[in-house]
Amino acid sequence: MAALPPRPWPSILLVGPTGAGKSPLGDEMERRGFRGRPCLHFDFGANLRAAAEGRADGYGLTGPERETIRRSLATGALFETGDMPMIVKILTGFAALRRLGPASLLVLNGLPRHRSQAEALTGIVAVEWIVSFEAEAAVISERIRRDPGRDRSGRTDDDAGSVARRLATFLDRTAPLLDLYRERGVPVRSIAVTAAMSSADMYDELARPVTRP
């Protein structure tokens, strides 16, 4: 396993339901940076799919760990506290392979997914900002159909039943992270997602100064 950072990595956490545009925005932030700082996009789901297919050889995953990942991808089950050593392997391995620097912002997409994961990652990542993707189920379905972010190609889990299960899990376990981080004083910036909204549109919305009453 790659070494843990000497201090927590400065991070931005993307929180939103499946299909809302987290991955395209994460890629956009990696291309353009954010507020003058370089960004590195950690797409947890993409890394899990790579590991399940045997394409993430640099993370030191064991055979049983890869099987755990395959089961999670097949069922939609979230990883729990006992899975954290494997999760840390993936995150620190990614940071080492991509040479995450001290001046960079780590854009977290798909991790943490619930309170226990967030608490376990406290000494590894320091979340400075939250981006909350606000979208109703109908908008999510239309975005998946249109694929404005060009990130759904090849996905085998975008059928209506799988999407509905992931939306329910998001509302039950992931959405409460917003309150957790608000309690910690982390600012939350919301994006009202539309069906045709591109990653560039989202980035421009995020970069726009907040108007206060």
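The values are calculated or read from the model by the stated rules, or taken from the named source; none is laboratory data. Source: prediction; values computed, not measured. All Cβ positions, even for glycine, are placed from backbone atoms using ideal geometry, and neighbour counts span all protein chains on display. These accessible areas exclude ligands, DNA and RNA; they are computed on the full protein's heavy atoms, side chains included. Shrake-Rupley method; radii C 1.70, N 1.55, O 1.52, S 1.80 Å.
What to note about this one:
- Dipole magnitude for region 69-191: computed about the Cα centre from +1 point charges on Lys and Arg Cβ and -1 point charges on Asp and Glu Cβ, it is near 380 debye.
- If only the Cβ of Lys and Arg carry +1 and only the Cβ of Asp and Glu carry -1, the dipole of region 35-136 around its Cα centre is close to 320 debye.
- Atom-type composition of the exposed protein surface of the chain places 52 percent of the accessible area on carbon and sulfur (1.4 angstrom probe).
- Computed magnitude of the charge dipole of the chain (debye, nearest 20; Cβ of K, R +1, Cβ of D, E -1): 380
- Area of T75 that stays accessible when all protein chains are in place (1.4 Å probe, Å², to 10): 90
- Dipole of region 1-117 computed with +1 at Lys/Arg Cβ and -1 at Asp/Glu Cβ about the Cα centre; of L78, F34, L61, farthest Cα towards the positive end is F34.
- Contact order relative to length of the chain, as percent, for alpha carbon pairs under 8 angstrom and 6 or more apart: 35
- Solvent-accessible area per residue for the chain (1.4 angstrom probe, square angstrom): 49
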